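To start, I am sharing the structure in question, which I have written as structure tokens.
The values are calculated or read from the model by the stated rules, or taken from the named source; none is laboratory data. Computed from a predicted structure; not experimentally measured. Side chains are part of the model used for accessible areas, which takes the heavy atoms of the whole protein and leaves out ligands, DNA and RNA. Shrake-Rupley method; radii C 1.70, N 1.55, O 1.52, S 1.80 Å.
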Amino acid sequence: LARGIQHTAVRQAHRKYEPNFHDKYGNLVLLGGTAIFTTVWGYVLTQLGIEWGLSPVGRITPREWRE
């Protein structure tokens, strides 16, 4: 059994390394995701007309109570 395991380990050590999907495309996928994220949030923050005053003081007015 030990000799079989050792033989398999030696065979795998001599095998040529084959790049997988992450080795080939990992950085490209990361850059693409970053570009999309930045574009979408850039649009959201600049074009949607959101008022960025964070304090509610003076904006919230009480409504008349209905019974």
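Restricting the stretch 10-34 to residues that are open to solvent by less than 100 Å² (accessible area, probe 1.4 Å) and not in a helix (DSSP H, G or I), which is modelled with the lowest pLDDT?
If we take residues in the stretch 10-34 being open to solvent by less than 100 Å² (accessible area, probe 1.4 Å) and not in a helix (DSSP H, G or I), then 19 is modelled with the lowest pLDDT.
Now, a different point. When you go through (1) modelled with pLDDT of 85 or more; (2) open to solvent by 100 Å² or more (accessible area, probe 1.4 Å) one by one for residue 51, which number turns out not to apply?
Going through the list (1) modelled with pLDDT of 85 or more; (2) open to solvent by 100 Å² or more (accessible area, probe 1.4 Å), residue 51 breaks only (1).
Here is a follow-up. Which of the residues that make up the stretch 35-49 are assigned to a helix (DSSP H, G or I) and not hydrophobic (A, V, I, L, M, F, W, C)?
Selection gives 38, 39, 42, 43, 46, 47.
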